[in-house]
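Report on one structure; see the data block that follows.
The values are calculated or read from the model by the stated rules, or taken from the named source; none is laboratory data. No experiment lies behind these values; they were computed from the predicted model shown. Here the Cβ is made from the backbone with ideal geometry for all residues, glycine too, and neighbour counts use every protein chain on show.
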């Protein structure tokens, strides 16, 4: 489509978008008269008395040609952030600098009037974006062609399917060639061929130096379309970095969340839920282990269908960083059957190379195919000892030097 | 600015067409409604009450000159009070100055009613009513002053309605009361002496009197009162806009 004004400025390095300590509070109304009181305090230039912090302390920069993914759970503040960037809402705290025209596709059918035909809505959207009648006339055909919804363009939007609304919305947003394009979950709707068309368009837009802010629950889209990503959690920046890394961390977080902190399931619970479950998980010698000593892990797992589950044992730091994990199927072993539905496992880690510190040991129960994770039980482990080495584990090592020479080159104090 | 003008034009068109698009009678209803009202008032006041003393004019002419501006103001306020909710989809998702919606709504209403006003004046003249058409030289500025004041109040009502839904319900009876306290259906001279200062305090009474002086008597000389009214209207607009702008950043959450 249109390459627009994007390419001309590709050399400037001023960020197009800069957020510093941005936060947004929403008023919480507790009582009936709350609305009246809220109006009074807003008129006096004060904020609401009770607020919900939708977003807090978010800082980010986006330069021309960059693409940023926004991920996080529902209610994490993604939409609030995008709305702030799009100018729909003003941040309660912090500063926001935007250079250039922002085109926003916030959710389904944003900015469309349901009673109006597709054509009338194209006109309205263009006026909202700031196009003159001439500019619109030049692009109208392009928009209609991209939306590709045929005669429906003359019908009121309310008769459209959600896919058609998205088609039209995307067609409008793209034809306006904004300096920054914001899309919020729009790729989730629409059929596959249209999705491909959208992705192809976005890729071309990025290649031409366009700037993208993409919010999606699809880690595939995030990794495919954005180079960097931020992960919002409860309104705060949990993590930012290369999108593959952030997406991976987010996926891991979600997997752990679905299993975290559970105590062993009772037999009845597991049977009722038709779950592969960890029923016991013990460490020997116990919660504390001298550095370099042997560690024994043993436990029992429940299998609803009598087939041997895959047991995975993971070692991680308390902050969640994974150190090592191994599963029975990787090593080609099976837990041994104790009774019809119960299986036992035992694992020895000789001369544990973990450096002193706090760790978490996890036992996971997976289905016999080793595909789905059903249950996780955690045990803390304190590795004791004294060392000046850094990191998580001691690697076997050997210095290829004479000790005397090292000493000779040491500065004398 | 260019964008705001384009937006205003778009909203204005939209307001005009949504209003009468869905109804079978279309635009005609805009003119019909005041005419029917006028007929009813005529019947009730002259045939039942046998009211008299309309400054020597025909009752129809006397009321028509004042009724249209009042209906225009009333409809302008009522429409504007609820107009934002019709744009909730836009307000939640798109960045634009929300007040343009109110401007477009008020402008659409007043433009329609003014067209109806001219049509009725013309019709009365054709039936031989002694109207002073040079009075329009004053009547048009008077309408503009009214439009400014109505816009100011409309901005405040529209913004408050987003937060407090009672506004539209309270507005109805309040407007009704104000209408009967304004010398629209009766001349000021029929009002008892003791109440007259209260009636005079009503700015709409001033507007009604001035319109009658201009169109029925052909008296056009501006007075200091006119200037004061214009200043008041502008102050109302500024106050309404101030209130609207204070509240509009929070519309997105409450609309």
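Do we have residue B:185 as over 21 Å from the mean Cα position of the chain (by Cα), assigned to a loop (DSSP other than H, G, I, E, B) and surrounded by 14 or more Cβ atoms within 10 Å (Cβ to Cβ) here?
Here the answer is no, as residue B:185 does not meet what is asked.
Could you identify the single residue in B:38, B:32, B:27 that is more than 14 Å from chain A (Cβ to nearest Cβ), modelled with pLDDT of 85 or more and within 20 Å of the chain's Cα centre (by Cα)?
Of B:38, B:32, B:27, the one residue that is more than 14 Å from chain A (Cβ to nearest Cβ), modelled with pLDDT of 85 or more and within 20 Å of the chain's Cα centre (by Cα) is B:38.
Give the number of residues within the stretch A:34-65 that are more than 10 Å from chain B (Cβ to nearest Cβ), in contact with a strand residue (DSSP E or B) (Cβ under 6 Å, 6 or more places away or on another chain) and in a loop (DSSP other than H, G, I, E, B).
Selection size over the stretch A:34-65: 1.
Return the residues of the stretch A:284-299 that are part of a strand (DSSP E or B) and more than 34 Å from the chain's Cα centre (by Cα); say none if nothing qualifies.
Within the stretch A:284-299, A:284, A:288, A:289, A:290, A:295, A:296, A:298 qualify.
Being within 17 Å of residue A:358 (Cα to Cα), in a strand (DSSP E or B) and modelled with pLDDT of 85 or more: is that true of residue A:325 here?
Criteria met by residue A:325.
Tally up the residues in the stretch A:99-136 that are more than 10 Å from chain B (Cβ to nearest Cβ) and modelled with pLDDT of 85 or more, please.
Qualifying residue count, the stretch A:99-136: 6.
Residue-by-condition table, conditions (1) part of a strand (DSSP E or B); (2) modelled with pLDDT of 85 or more; (3) in contact with a helix residue (DSSP H, G or I) (Cβ under 6 Å, 6 or more places away or on another chain); (4) on the phi > 0 side of the Ramachandran plot:
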residue: A:173; (1), (2), (3), (4): no, no, no, no
residue: A:177; (1), (2), (3), (4): no, no, no, yes
residue: A:190; (1), (2), (3), (4): no, no, yes, yes
residue: A:199; (1), (2), (3), (4): no, no, no, no
residue: A:203; (1), (2), (3), (4): no, yes, no, no
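Could you give me the residue pairs with C-beta distances under 8 Å whose first residue belongs to the stretch B:163-185 and is free of Cβ contacts under 8 Å to residues at least 12 places away in the same chain, whose second residue is surrounded by 12 or more Cβ atoms within 10 Å (Cβ to Cβ) and assigned to a helix (DSSP H, G or I) wherever it lies, and which are 6+ apart or on separate chains?
B:164/A:35; B:164/A:36; B:164/A:39
Residue B:75 passes all but one of (1) within 14 Å of chain A (Cβ to nearest Cβ); (2) at pLDDT 90 or above; which number fails?
(1)
Looking only at the stretch B:221-255, filter to residues that are surrounded by fewer than 16 Cβ atoms within 10 Å (Cβ to Cβ) and over 30 Å from residue B:86 (Cβ atoms); which one of those is nearest to the other protein chains (Cβ to nearest Cβ)?
Looking at residues that are surrounded by fewer than 16 Cβ atoms within 10 Å (Cβ to Cβ) and over 30 Å from residue B:86 (Cβ atoms), I get B:231.
What is the residue count in the stretch A:196-216 for residues that are under 22 Å from residue A:161 (Cα atoms) and surrounded by fewer than 17 Cβ atoms within 10 Å (Cβ to Cβ)?
Qualifying residue count for the region: 2.
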